[in-house]
Amino acid sequence: MKGDRELILGRIAEALRVPAPRHHESHGNAAAGASVAFREWLPPVGEEKQDQVGLFARLSETLRTEFRECATAEEAASQIATLAQDGNWKCIALHSGKLIDAVAAKLPSTVTLLNVDQGYEKNALEACDAGFTECESLVAQTGSVCITNPSSGGRALSVLPPHHIVVATRAQMAPDLSAAYDRLAEKYPNGYPSFISFITGPSRTGDIERILVLGAHGPKRLTVLLLP
Amino acid sequence: MSTTTELPPGVQFQTDANRTTADEPRRAAVRKALGNYSTARGKTEKTFSSWQHAREAASEVKFEAVNHLDRYLREFEEKFTARGGKVFWASNGAQAREYILDLAREKGVKSIVKSKAMTGEEIHLNPALEKEGYEVIESDLGELIQQLMKEPPYHFVFPCMHLKREEIGELFQRELGSEPTTNPEELTMIARRFLRRHFANADMGISGGNFIVAETGMISITENEGNARLTAGLPKIHVALVGIEKVVPKLKDLALLLPMLATAGTGQHLTGYNTMYGGPRMPGENDGPEEFHVVLLDNHRTRLLADAEQRDALHCIRCGACLNVCPIFKNIGGHAYGTTYQGPIGSVITPHFRGLQDWKHLSGASSLCGACTEACPVKIDIHHHLLQNRRNAVAEKKVWWERLIWAGYVWLMKRRWAYLIAVRLAPLGQAIHPLVLGTELDPVRAWTATRDFPEAAPKSFHDWWRDRKAVRK
Amino acid sequence: MRVSLFIPCFIDSLYPHVGVSIVKILERLGHEVDYPEAQVCCGQPPFNSGYWDEARVVAERQLAAFRDSEVVVSASGSCGAMFKVFYKDLFKDRPQEAAAKALSAKTYEFSEFLVNKLGVKDVGARFDAKVTFHDGCHGLRELGTKAAPRELLKAVKGLELVEMTEAESCCGFGGMFAVKFPQISTAMAQVKCNSIIDTGVEYVISNDSSCLMQIQGYLSRNSPRVVKSLHLAEVLAQQ
């Protein structure tokens, strides 16, 4: 079925022959890559990396993201080991990556690791206690984690298991969403990944009497481990 | 049944509004929920270095997008299909439904999982699918609840905001066979467990879309729960049903629009998951749908586009802010509107989508307070469009008795001497009024049923001025 | 300054003391007041109902009545908005467009005139009472009036101003809306009036008499205790 492509485009062209009144002032030079300049109107973010990390930490608290600064890969692994012990974890699903491999190597052998890079069985992934991923960047302005399928083991790894763990480095802290998009443009000059997501806190809903409940369908917990 | 749908829309509206404005507990619950929203939103707005400038910028992005809609839709299609995505252009609901049904049939689909799509409501997709024997499950918690209630969504962002936890507990017990509870966390977990199976087993996922990114050929979906990520991630086939007006020119425009949507919609800095889908699973990827279809829906949007004066109504990003601040919405509730898109923006666009004469009453049911226009993150001139709809309805077809009233009014107001006589007679009229007060003959019965009428002053301002002038001479 | 008064038709017949108070205050401040007697009605009722041809007939009279005025002060925010905002729409691309723009440029709502044009906040008034202020929607959102009335009230000796939670919520009048959709209008009045009653004030003040008609109408019928209403001008005229 082709549909009404030409008819619809024709109707649009016809409609647009009459110009619409402009009620707003024009906003001058467009920002690089965007349609208009807008960055200065959004919430301000400090210039210094330390300020950005501080902002991310503060927002994480409000969002219920568990944010931990770790000095080494060992420390990060130890944080995960504690979670695994407290939660009686049997299996952590993950993908391969330089950062993640360094941490995973130090995880206790009591927990099975399921690598999803070559594909996976939905039920097997569902049964895992946690999904462990890298990310593209962290966004200080909103307390978000930016992931893509190449950076984070696909589309489901970070959303199906009940606990999502992210490992990132300070260099990956971006000030705002504009910067996060810039980094993607820079990293993927020959075409973006087919899946990009900004994750802001654990999964949540307020549908029942506007009361906040975590873990609606996505992970109930989100842990972000920041390495130097 | 939540609305009386067999009546003509204007009558249905008055009937339902009579009932819902009398429902004090429901009104109080809605007021409380939206009061909390106002507080959260106010706080988040203040974090912007200039919310008002951000609105201007957002308005300009959508102005650019909508006023070059054909260019950007072409660009989107080119980029999206280059990556294996499929695009279908549907003139109307029937075409969209047929495409999706054909697809489901062709691919041997049995079970469908859906994430929130107001376009789906708009074209009555679920009943069409269910009629053909497909199982369709809504995965957004609020939408699931409304599906089980056999009611449409109450609000397009907060679908079940009118329900109390006790009602939801009873519903789940009845429909899902769950243990009795009224705890929101437990109720959410019941829904989570129920839906897990459906995400895993569904053959097809259907979603809406918040933005169509022209530059990079992507569909952007905003949500808090993660159900859209699962809907668009696990099943083999995905269909996104999106209104053609959802276009943004560039990917980076989302760095502005996503925070605006979150702030105005729910008072969040950013909604839980904002995901940009560029198409189906590519070679070398470990997961993702094998097929990704985007159905671009016109369904009278081009009609609204052709009305240059009201074209900016297509800038709407469906944040729901106008509903949240509207005193009419707060007092009559979402179902009384009797149509898919409620609140101020719904009142503006429904006449264009479903007929002016049948739906003009929604534009009339407003005091034109302007709170909607003030709240809109993309600066749509909402309340003035309501006025324009009224004017357009009259220009198309005058109501004979209204015409008579306004003709009489003009006759009076054109003649100062006649006006002055009327003013001088007012106290006399008022003296007689108690004789008919509250009865069928009372000309101001619509007022006096619930409110006292002021007393006409013994001497008008005009006469006071005249007398003073005479004295000063 | 010679100030021309725009006294809307319902103030003329129902609330003339509002107009009288405005005259008093302006003369107290040393200005000459005139009242162009040809004025009748701004045309808002047919305009809001979609009958713009009919509204134009009536509006034309207003354009003529105020043509020679230096400055026009409106006793009402909603009728003032007709002059200031909507006449430009009504007469767009028509011969009277220039006249409509000229009238818009020289029209002020009463409190805006005092504070922003004359630069006066203290008009020498005294009113010993606890009051709250209701922002009429047209004044608030079409004309941007928010701070001016409050600055004027704060300067009144003996007056205590308390803000209600629903200060900016519409009272539900909306012209014909009040009788075309009376159940919704009344529900809105209820929310507004409960908010007023909760403040414990003796008086609710507004810069729009149509709002006060709605609010007082509901209060008189339903309020458990007496709450009275006054136009801002009536308060400022007190000494």
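The values are calculated or read from the model by the stated rules, or taken from the named source; none is laboratory data. Worth saying up front: this structure is predicted, and the values here are computed from it rather than measured. Backbone-built Cβ (ideal geometry, glycine too); neighbour counts: all protein chains shown. Calculation scope for accessible area: heavy atoms of the full protein, side chains included, ligands and nucleic acids excluded. Shrake-Rupley method; radii C 1.70, N 1.55, O 1.52, S 1.80 Å.
Details
- A 1.4 Å probe, protein heavy atoms only, puts the accessible area of C:Cys79 near 10 Å².
- Pairwise burial B:A, computed as accessible area of each alone minus the pair, summed, 1.4 Å, Å²: 8100 Å²
- Helical contribution to [θ] at 222 nm, DSSP H n ≥ 4, -39,500 (n - 2.57), averaged over chain B, rounded to 500: -16500 deg cm²/dmol
- Gyration tensor (alpha-carbon) shape descriptor, chain A, a/c threshold 1.5: prolate
- In this structure, the amide hydrogen of B:Val295, modeled 1.01 Å from its nitrogen in the peptide plane, lies closer than 5 angstrom to those of B:Phe88, B:Ala240, B:Leu241, B:Val242, counting only residues at least 5 positions away or on a different chain.
- Each Lys or Arg adds one and each Asp or Glu subtracts one; over the other residues with Cβ under 13 Å from the Cβ of C:Gly144, this totals -3.
- Partners for C:Lys121 among aspartates and glutamates (Cα-Cα distance below 15 Å; same-chain residues under 8 apart left out): C:Glu109, C:Glu112, C:Glu151
- With Cα atoms, 0 to 90° folded angle of helix B:184-201 axis to chain B main axis: 50 degrees
- Residue by residue, segment B:82-99 carries 3J(HN,Hα) couplings of 4, 9, x, x, 10, 10, 10, 9, 9, 5, 8, x, 4, 5, 5, 4, 4, 4 Hz when phi is fed to the Karplus relation 6.51 cos²θ - 1.76 cosθ + 1.60 (θ = phi - 60°); x denotes Gly or Pro.
- Neighbouring Cβ atoms from other chains, within 10 Å of the Cβ of residues in B:143-155, number 0 on average.
- Averaged over the residues of peptide B:50-61, the number of Cβ atoms from other protein chains lying within 10 Å of each residue's Cβ is 6.
- In terms of Cα atoms, the Rg and Dmax of segment B:96-202 work out to 14.4, 43 Å.
- Portion, in percent, of the accessible area of segment C:54-128 that falls on carbon or sulfur, probe 1.4 Å: 46 percent
- Accessible area per residue for chain B is 37 Å², calculated with a 1.4 Å probe on protein heavy atoms, without ligands, DNA or RNA.
- Volume of the Cα convex hull of segment B:70-299, divided per residue and given in Å³: 125 Å³
- In segment B:361-386, the residues that give up 40 Å² or more of accessible area when the other protein chains are added, compared with the chain on its own (1.4 Å probe), are B:Ser367, B:Cys369, B:Glu374, B:His384.
- In order along segment A:159-165, phi translates into HN-Hα couplings of 10, 7, x, x, 9, 9, 10 Hz, rounded to whole numbers, per the Karplus curve 6.51 cos²θ - 1.76 cosθ + 1.60 with θ = phi - 60° and x for Gly and Pro.
- Straight-line cross-link reach from B:Lys469 at under 26 Å between alpha-carbon atoms covers these lysines, not counting any fewer than eight positions away in the same chain: B:Lys414, B:Lys459, C:Lys24, C:Lys106.
- Applying a DSSP loop filter and a limit of 11 other Cβ atoms within 10 Å to the trypsin sites (Lys or Arg not before Pro) in segment C:141-239 leaves C:Arg225.
- Comparing the full protein assembly with the isolated chain, the residues of segment B:264-281 losing at least 10 square angstrom of accessible surface (1.4 Å probe) are B:Gln268, B:His269, B:Leu270, B:Gly272, B:Tyr273, B:Asn274, B:Thr275, B:Met276, B:Tyr277, B:Gly278, B:Gly279.
- Rel. contact order, % - alpha carbon contacts under 8 angstrom, at least six apart, segment A:20-227: 24 percent
- Legend: residue pairs B:Lys252/C:Lys92; B:Lys79/B:Lys114; B:Lys86/B:Lys246, Cα-Cα distance threshold 29 Å; pairs beyond threshold, B:Lys252/C:Lys92.
- Average accessible surface for segment C:53-204: 35 Å² per residue, computed with a 1.4 Å probe over protein heavy atoms with every protein chain in place.
- Taking the accessible area of chain B, probe 1.4 Å, and keeping the other protein chains in place, the carbon and sulfur fraction comes to 55%.
- Set of aspartates and glutamates with alpha-carbon distance to B:Lys32 below 18 Å, sequence-local pairs under 8 removed: A:Asp207, A:Glu209, B:Asp23, B:Glu24, B:Glu166, B:Glu167, C:Glu166, C:Glu168, C:Asp198
- Relative contact order of segment A:125-200, pairs being alpha-carbon contacts under 8 Å that are 6 or more residues apart, as %: 41 percent
- Cysteines having no other Cys beta carbon under 4.7 Å from their own, within chain B: B:Cys160, B:Cys316, B:Cys319, B:Cys326, B:Cys376
- For the set C:Lys192/C:Lys228; B:Lys250/B:Lys379; B:Lys397/C:Lys84, the pairs lying more than 18 angstrom apart at their alpha carbons are B:Lys250/B:Lys379; B:Lys397/C:Lys84.
- Under 5 Å, built H, 5+ apart or other chain: amide partners of C:Asp34: C:Val3, C:Ser4, C:Leu5
- Estimated purely from DSSP H runs of n ≥ 4, each contributing -39500 (n - 2.57), the mean residue ellipticity at 222 nm for chain C is -12500 deg cm²/dmol once divided by its residues.
- In this structure, B:Ala407 and C:Val179 have a Cβ-Cβ separation that, at R0 = 25 Å, corresponds to a calculated FRET efficiency of about 0.85.
- B:Asn36-C:Lys146 pseudo-label distance in nm [points 7 Å out on the Cα-to-Cβ vector]: 2.6 nm
- Using the Cβ of B:Glu78 as centre and a radius below 14 Å, the other residues enclosed give a net charge of +2, where K and R count +1 and D and E count -1.
- The local environment of A:Leu160, defined by Cβ-Cβ distances under 11 Å, has a net charge of +2 under the rule Lys, Arg +1 and Asp, Glu -1.
- For B:Ile206, distant residues with modelled amide H under 5 Å away: B:Val113, B:Lys114, B:Ser115, B:Val239
- Size descriptors for segment B:416-472, from the alpha-carbon set: Rg then Dmax equal 14.5, 48 Å.
- When both segment B:346-409 and segment A:112-130 are represented by their alpha-carbon centers, they are found 55 Å apart.
- Taking 32 Å as the limit for the C-alpha separation, the pairs B:Lys62/B:Lys330; B:Lys62/C:Lys117; A:Lys220/B:Lys110; B:Lys116/C:Lys180 exceed it in the case of B:Lys62/C:Lys117; B:Lys116/C:Lys180.
- Each residue of segment A:45-53 was assigned a 3J(HN,Hα) from its phi angle through the Karplus curve 6.51 cos²θ - 1.76 cosθ + 1.60 (θ = phi - 60°); the sequence is 10, x, 5, 7, 4, 4, 5, 5, 4 Hz, with glycine and proline shown as x.
- If you plug the beta carbon distance of B:Glu185 and C:Asp93 into 1/(1 + (r/R0)^6) with R0 = 60 Å, you get a FRET efficiency near 0.50.
- Note on B:64-77: average number of Cβ atoms from other chains within 10 Å of each residue's Cβ is 3.
- By average C-beta atoms within 10 angstrom, highest first, the peptides B:333-341, B:121-129: B:333-341, B:121-129
- Accessible surface buried upon B-C contact (total; probe 1.4 Å; Å², nearest 100): 5600 Å²
- For segment B:392-442, the list of GluC sites (Glu not before Pro) that fall in a loop by DSSP and count at most 13 other C-beta atoms within 10 angstrom reads B:Glu440.
- Rounded to the nearest 10 Å², the accessible area of C:Leu103 at probe 1.4 Å: 10 Å²
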